[in-house]
Amino acid sequence: MTGFSEINGLLHAEDVSLADIAARYQTPCYVYSAGHIRTRIAALQSAFKKALPAASQPLIAFACKANSNIALLHLMGQLGLGTDIVSGGELARSLQAGIPPNRIVFSGVGKTDEEILSALKQGILQINVESKPELERLAQLAQKAGKKAPVALRLNPDVDAKTHAKITTGKDENKFGIPPDEILSLYRWGADQPALHMRGLSMHIGSQLTELEPFRRAFEKMAALVNELRAENLSVTALDLGGGIGVVYRDESNADLDGYAALVRDIIHPLKTEIILEPGRLLVAEAGVLLTRVLYVKEGKKRRYLILDAGMNDLMRPALYESYHAVRPVDMRAARNRTTYDIVGPVCETGDTFGKDRELPEMKAGELAAIMLSGAYGFSMASHYNARIPPAEILVDGARHALIRQRDNLNDILKKEFIPDWLEEWPDARSA
Ligand SMILES: Cc1ncc(COP(=O)(O)O)c(C=O)c1O
């Protein structure tokens with residue numbers, strides 16, 4: 001169950017037909033199931049309730065890069081979640097959604113002074129520092145601002161997450177985090193700075209992990225480092241284990257949440273620290289579809305194309321990561337023959353392809369289709385490429401539905417661009 005199911009031959013988001021959503025809000029649009037997000041959160045929480053005592057439950061800081069719509073963040077906040085942010089924009093979104101600052105952690109290799117200062121001003125829970133120059137900068141800025149910055153050093157454990165190269169973050173060739181052999185001296189230095197409060201360590205080894213073994217190896221490296229730090233009387237009170245648990249886009253194995261929680265129980269819990277998790281995809285991927293309309297069915301020389309009104313600017317994952325998303329017709333009421341399509345968007349790139357050689361019921365222009373499992377890294381990666389307007393976003397909860405992000409207005413975009421006066425002089429300047 002993903003919050004989307006066929007009822008009387010029509011694909012529904014919970015109790016609402018996607019045909020009704022398309023008629024009301026037009027396509028392309030993202031449609032999210034609030035119920036399914038709650039179900040995923042409950043599944044993660046329940047795995048940890050089984051594994052750890054009540055007083056040791058982790059803070060779940062949703063990695064809002066996966067989907068930073070304010071309504072969804074608000075829903076997460078209602079369930080006790082915080083956020084993992086990577087920019088001042090995500091901080092602003094989290095605060096606007098009502099996430100308390102003491103549930104916000106700030107990751108990312110390139111925080112600007114402005115972003116650091118606003119995080120300090122808001123009093124967020126923790127800043128995950130990714131390099132020596134960043135730690136030095138943070139100490140200076142915090143001292144100037146008269147604040148004590150709460151710090152975790154992001155460990156790069158050099159563990160192969162066995163996922164797509166573009167979403168691997170914990171190998172020593174990746175830009176993220178600090179190598180294990182540099183943590184000790186940096187932590188020591190940080191502990192001596194009056195403007196820093198060294199809370200502990202963080203890490204995030206990659207996304208869409210489908211095996212537990214890389215987590216085990218990374219947790220063990222983290223635990224060994226905690227023991228080294230403590231052997232020097234350095235205080236370690238918080239460990240942030242990152243996100244990365246994968247979902248089933250196609251034929252991957254299902255995330256073993258109990259197994260993951262058991263690893264945390266066995267390796268991290270004995271260290272008696274606060275525990276923070278940063279799941280993104282796990283909580284929202286299944287809970288969203290990109291609802292789109294077939295513009296044309298084109299018979300090419302060699303292939304048959306289903307040309308949709310959604311493109312790679314709306315959902316970038318297939319073009320960026322060659323990732324798989326099932327595509328389903330919304331209306332399955334009539335029996336039809338099946339045929340093979342390349343499913344593509346209108347963007348002028350060959351990479352604007354959602355799937356090749358997909359066998360589907362024969363479809364006609366004007367019909368609706370849903371690109372499944374698009375709730376994570378969908379809208380949050382959308383762009384204006386080809387001067388297209390990213391999709392609207394709709395939230396469904398039972399029989400209720402609401403627009404949670406309206407489409408941009410083309411005029412608002414055009415208004416932001418200016419032709420400098422001096423450009424008018426150009427032909428004269430050239431002839432002078
Ligand atoms: C620091 C950090 N934490 C958490 C996440 C969330 O990862 P996922 O969506 O795989 O859970 C990411 C994703 O790239 C990340 O960079």
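Residues satisfying the criterion are absent from segment 93-100 (criterion: farther than 30 Å from H401 by Cβ and out of contact with any Pro (no Cβ under 6 Å at 6 or more places or on another chain)). Can you name the residue in segment 159-173 that is assigned to a loop (DSSP other than H, G, I, E, B) and buried (at least 18 other Cβ atoms within 10 Å of the Cβ) and is also farthest from the ligand (Cβ to nearest atom) among such residues? So, considering only residues that are assigned to a loop (DSSP other than H, G, I, E, B) and buried (at least 18 other Cβ atoms within 10 Å of the Cβ), the one farthest from the ligand (Cβ to nearest atom) is V159. Of all the residues in segment 94-112, those that are touching a residue at least 40 places away in the same chain (Cβ under 8 Å) and crowded, with 23+ Cβ neighbours inside 10 Å number 3.
Cβ-Cβ contacts under 9 Å between residues 6 or more apart (or on different chains), taken from a first residue in segment 113-128 that is touching a residue at least 60 places away in the same chain (Cβ under 8 Å) to a second residue that is part of a helix (DSSP H, G or I), are listed as L125/P101; L125/N102; L125/R103. Within segment 156-207, the set of residues being under 22 Å from G110 (Cβ atoms) and hydroxyl-bearing (S, T, Y) comprises T168, T169, Y187, S202, S207. Could you pull out the residue among T83, T2, T27 that is within 25 Å of Q122 (Cβ to Cβ) and not in a helix (DSSP H, G or I)? Answer to the selection: T83.
On the stretch given as segment 136-158, residues that are out of contact with any His (no Cβ under 6 Å at 6 or more places or on another chain) and either surrounded by fewer than 23 Cβ atoms within 10 Å (Cβ to Cβ) or at pLDDT below 95 (or both) total 13. With respect to the conditions (1) part of a helix (DSSP H, G or I); (2) among the small types (G, A, S); (3) more than 16 Å from the ligand (Cβ to nearest atom), G98 falls short on a single one, namely (1). The set of residues from segment 174-194 being in a loop (DSSP other than H, G, I, E, B) and surrounded by 19 or more Cβ atoms within 10 Å (Cβ to Cβ) comprises F176, G177, Q193. Going through (1) in contact (Cβ under 8 Å) with a residue 60 or more places away in the chain; (2) more than 16 Å from the ligand (Cβ to nearest atom) one by one, M222 falls short only on (2). For segment 181-201, indicate whether the set of residues that are in contact (Cβ under 8 Å) with a residue 12 or more places away in the chain, of a type in the set (D, E, K, R), assigned by TED's automatic domain parsing to the domain that holds K148 and more than 24 Å from A145 (Cβ to Cβ) is non-empty. Yes.
Applying the criterion of being aliphatic (A, V, I, L, M) and within 16 Å of the ligand (Cβ to nearest atom) to the residues of segment 187-208, the residue that is farthest from the chain's Cα centre (by Cα) is L201.
Residue check: A255 meets all listed conditions (1) part of a loop (DSSP other than H, G, I, E, B); (2) surrounded by fewer than 21 Cβ atoms within 10 Å (Cβ to Cβ); (3) over 16 Å from the mean Cα position of the chain (by Cα) but one, namely (2). Would you tally the residues in segment 229-270 being among the acidic types (D, E) and within 16 Å of the ligand (Cβ to nearest atom)? Matching residues across segment 229-270 total 3.
The values are calculated or read from the model by the stated rules, or taken from the named source; none is laboratory data. Predicted model, so just to flag it, every value in this text is computed and none were measured. Counting neighbours? That spans all protein chains shown, and the Cβs are built from the backbone with ideal geometry, glycine included.
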